[in-house]
Amino acid sequence: MQGDRTAWFKGGDAQCKITSPPRDRSYRLILLGPPGVGKGTQAELLCEALGTCHLSTGDVFRAAQCEAEPSPALRSALDAMRRGELVSDLVVVTMVQERTGCLRCRGGFLLDGFPRTVAQAEALDALLVAQGVILDTVLSYDLPLDEIVDRLSGRRTCAQCKAIYHVVTRKPRAESVCDQCGGRLVQREDDHAESIRVRMSAYQESTTPLIDYYERNGKLLRIPAAGSPAEILERSLHALNDQLTT
């Protein structure tokens, strides 16, 4: 089911083609986590394991850049991004409101990239109530700062095709040369240790109130993000099962 996200990308009256029957139960989840914890990988693995649909606001923004006539909300979001500004809470919430059918998806959902602020979380709560949907859990992936710095500062990006490598965990066959296109591998400016620490400080400052909000509401589930993707997935599924069956 998660392979078709037509309704999420297009909004409005667009419909997805249901490619698989629903599981025994549907999961409705939010994913939180700073850069470097492997949140994107876990989103893919969780959706495959649980049958949920991956609703990423980042994917919507990227897809909207190819649309001839994006909605007014998406157009406002893209204009703000081009100016290097943050997209306002109102615009992001409006964009999600255009896709409320996805919140009722019988296969469930995994929200990634939304909400980012307490105001967005409160707006989402109101949307879910209006749709008769109950949020199960907010999975928050945690990793010590030094480990995040090690992970991100070791990344190397192909200057030509943008493929990602790592000096320890994903080495190219030939040093500093992309396996896919033969391009030169470089370290991006924002992957230097000093830049990473600045980004992490900003992330923690903006996200701490959101994490506190869901913790107060009894929805937060903290997941240690150390180890391999398979180990983190297993840890996530066990924690999720324990929380929803107690």
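The values are calculated or read from the model by the stated rules, or taken from the named source; none is laboratory data. These figures come from a predicted structure and were not determined experimentally. Because the Cβ atoms are built from the backbone with ideal geometry, glycine has one as well, and the counts that use them run over all protein chains shown. Surface areas here come from the heavy atoms of the whole protein model, side chains and all, with no ligands, DNA or RNA. Shrake-Rupley method; radii C 1.70, N 1.55, O 1.52, S 1.80 Å.
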- Out of all DSSP beta bridges with both ends in the chain, state the antiparallel percent to the nearest 5. 30
- Query: Given a 1.4 Å probe, how much area per residue of the chain is accessible, in Å²?
  - Reply: 53
- Item | Enclosed volume per residue, in Å³, of the convex hull spanned by Cα atoms of segment 20-98 | 135
- Query: So who's got an amide H within less than 5 Å of the one on GLN160, skipping anything under 5 residues away but keeping other chains? H placed 1.01 Å off N, in plane.
  - Reply: ARG184
- Query: What share of all Cα pairs of segment 1-132, in percent, falls into each consecutive 10 Å distance bin?
  - Reply: 12, 43, 37, 7, 0
- Query: When only DSSP loop residues count, what GluC sites (Glu not before Pro) in segment 126-210 have their Cβ near at most 11 other Cβ atoms within 10 Å?
  - Reply: GLU175
- How much of the accessible area of segment 115-183, in percent, comes from carbon and sulfur atoms when a 1.4 Å probe is used? 51
- Task: Could you please tell me the mean projected area of the C-alpha convex hull for the chain, averaged over all directions and given in square nanometres to one decimal?
- Result: 14.4
- Message: Expected output is a single nm value to one decimal: the length gained when fully extending between GLN97 and ARG222, i.e. 0.36 nm times separation in residues minus the C-alpha distance. What is it?
- Response: 42.2 nm
- Query: What number, rounded to the nearest 500 deg cm²/dmol, is the helix-based mean residue ellipticity at 222 nm of the chain, given -39500 (n - 2.57) per DSSP H run of at least four residues and division by all its residues?
  - Reply: -14000 deg cm²/dmol
- Query: Over the chain, what is the relative contact order in whole percent, taking alpha-carbon pairs under 8 Å and six or more residues apart?
  - Reply: 22
- In segment 1-94, the GluC sites (Glu not before Pro) that fall in loop regions by DSSP, at most 10 other Cβ within 10 Å: GLU85
- So the number of lysine pairs in the chain with alpha-carbon atoms under 21 angstrom apart, 8 or more residues apart or on different chains, is 4
